[in-house]
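Data first, discussion second: the structure below is written as structure tokens.
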Amino acid sequence: MKGRPALAAVTLIGALVLAGCGDSDTDSGSGSDSSAAGAELSVGAAYIPQPVSDSMAAGFLTITNKGDAEDELTSVTSEAGDVTVHETVDGTMQEVDRLPIPAHGQLVFKSGGNHLMFEKLKQQPKQGQTVSVELHFAHSGPVTVELPVKAATYQPTTQHSGH
């Protein structure tokens with residue numbers, strides 16, 4: 001219950017950041033940025049389970065695209081340490097350079113699936129703290145997201161919130 005205001009704030013901040021990115025040059029360029037104008041990204045359900053390791057952690061979130069064009073998550077950066085993007089296919093985890101965010105769809109990072117991997121942490125995140133990350137996309141501007149550190153056993157209950 002007490003995470004909902006933070007989730008709403010993260011979603012609102014992401015929406016405001018994105019809103020400020022697309023309006024400066026509307027329809028007066030080469031026309032090659034039509035996909036950038038078509039993606040409408042927001043981020044929610046972000047968290048990090050408190051890591052048991054002092055040098056590694058995992059991060060989870062959902063990127064929703066309400067726009068008419070696909071985009072791609074190309075990288076994630078954080079002052080907390082190195083961050084890589086991993087996908088899980090048939091139970092096997094592998095680092096990837098990018099993941100698609102379909103038009104009118106979602107890119108979901110969840111336990112046992114796609115996730116962010118934090119390595120070489122400068123300090124171990126503790127429950128109650130937040131870790132800031134910046135998401136970078138192929139077409140949209142970067143989005144900064146605060147990931148609250150939850151209990152190691154935390155399981156989100158909002159699996160259907162995006163529909």
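The values are calculated or read from the model by the stated rules, or taken from the named source; none is laboratory data. Just so you know, these numbers come straight off a predicted model, no measurement behind them. Cβ sites come from the backbone with ideal geometry, for glycine too, and all protein chains shown count toward neighbours.
For the reader, a short list of remarks on this structure follows.
- Among the residues of this structure, Gly141 counts as one that is touching a helix residue (DSSP H, G or I) at 6+ places or on another chain (Cβ under 7 Å) and part of a loop (DSSP other than H, G, I, E, B).
- Residue that is modelled with the lowest pLDDT, among those in region 62-95 that are hydrophobic (A, V, I, L, M, F, W, C), farther than 19 Å from Leu121 by Cα and surrounded by 13 or more Cβ atoms within 10 Å (Cβ to Cβ): Met93
- Qualifying positions in region 43-61 - within 23 Å of Thr157 (Cβ to Cβ), surrounded by 13 or more Cβ atoms within 10 Å (Cβ to Cβ) and out of contact with any His (no Cβ under 9 Å at 6 or more places or on another chain): Val43, Gly44, Ala45, Ala46, Tyr47, Ile48, Pro49, Gln50, Pro51, Ala57, Leu61
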